[in-house]
Amino acid sequence: VQLQASGGGPVQAGDSLRLSCTASGRTFILNAVGWFRQAPGRDRDFVAGLTWSGSSTSYADFVKGRFTISRDASNDTVYLQLNSLKPEDTAVYYCAARRGRGTAEMLEYETDYWGQGTLVTVSS
């Protein structure tokens, strides 16, 4: 499975942005897909996750109500809509996917596939 992420860029505080992650290959083996982020000098954190069936979502507390994860099953693309962006949202955002069973909340050590990061920079 390959993951191709896109959509990052520089924005102002309060702006919106949509990240995309297109999965290719044996996507039928996936159980969940989601996003992590890593700010400079910090660990990589879970942001949002979605079961591959689309039946369940999970969000980190720091993005609840602002970010929305969704999936277009017709082209195996997962989106992360980022609204009301804050400077502290500045980070490299990584698309990720898991084969094993579990909830929509993804844990880094359980993640099987990673996309390349896409940088989101929010200025005040």
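The values are calculated or read from the model by the stated rules, or taken from the named source; none is laboratory data. Just so we're clear, the structure is a prediction, and the values are computed from it rather than from any experiment. Cβ placement follows ideal geometry from the backbone for every residue including glycine, while neighbour counts extend to all protein chains displayed. We work out accessible area using only protein heavy atoms, side chains counted, and drop any ligands, DNA or RNA first. Shrake-Rupley method; radii C 1.70, N 1.55, O 1.52, S 1.80 Å.
Things worth noting here:
- Whole-Hz couplings from phi, Karplus 6.51/-1.76/1.60, listed for segment 98-111; x for Gly and Pro: 10, 7, x, 5, x, 7, 6, 6, 9, 10, 4, 6, 8, 6
- Along segment 7-13 the Karplus relation, 6.51 cos²θ - 1.76 cosθ + 1.60 evaluated at θ = phi - 60°, assigns HN-Hα couplings of x, x, x, x, 9, 9, 4 Hz to successive residues, with x for each Gly and Pro.
- Area of TYR94 that stays accessible when all protein chains are in place (1.4 Å probe, Å², to 10): 50 Å²
- Rolling a 1.4 Å probe across the protein heavy atoms gives the chain an accessible surface of 50 Å² per residue.
- Charge dipole (Cα centre; +1 on Lys/Arg Cβ, -1 on Asp/Glu Cβ; no other charges) of the chain amounts to roughly 160 debye.
- The H on the amide N of ARG71, modeled in the peptide plane, is under 5 Å from the matching H of TYR79, each at least 5 residues off or on a different chain.
- Each residue of segment 85-95 was assigned a 3J(HN,Hα) from its phi angle through the Karplus expression (A = 6.51, B = -1.76, C = 1.60, θ = phi - 60°), giving 5, 10, x, 6, 7, 4, 5, 8, 9, 10, 7 Hz with x at Gly and Pro.
- PHE28, PHE36, reordered so the largest accessible area comes first (probe 1.4 Å): PHE28, PHE36
- Cα centroid separation - segment 2-53 against segment 84-124, whole Å: 5 Å
- Net +/- balance of residues flanking THR22 in space, Cβ distance below 10 Å, scoring K and R +1, D and E -1: -2
- Straightening the chain between ASP112 and GLN2 buys 38.5 nm, computed as 0.36 nm per residue apart minus the Cα-Cα spacing.
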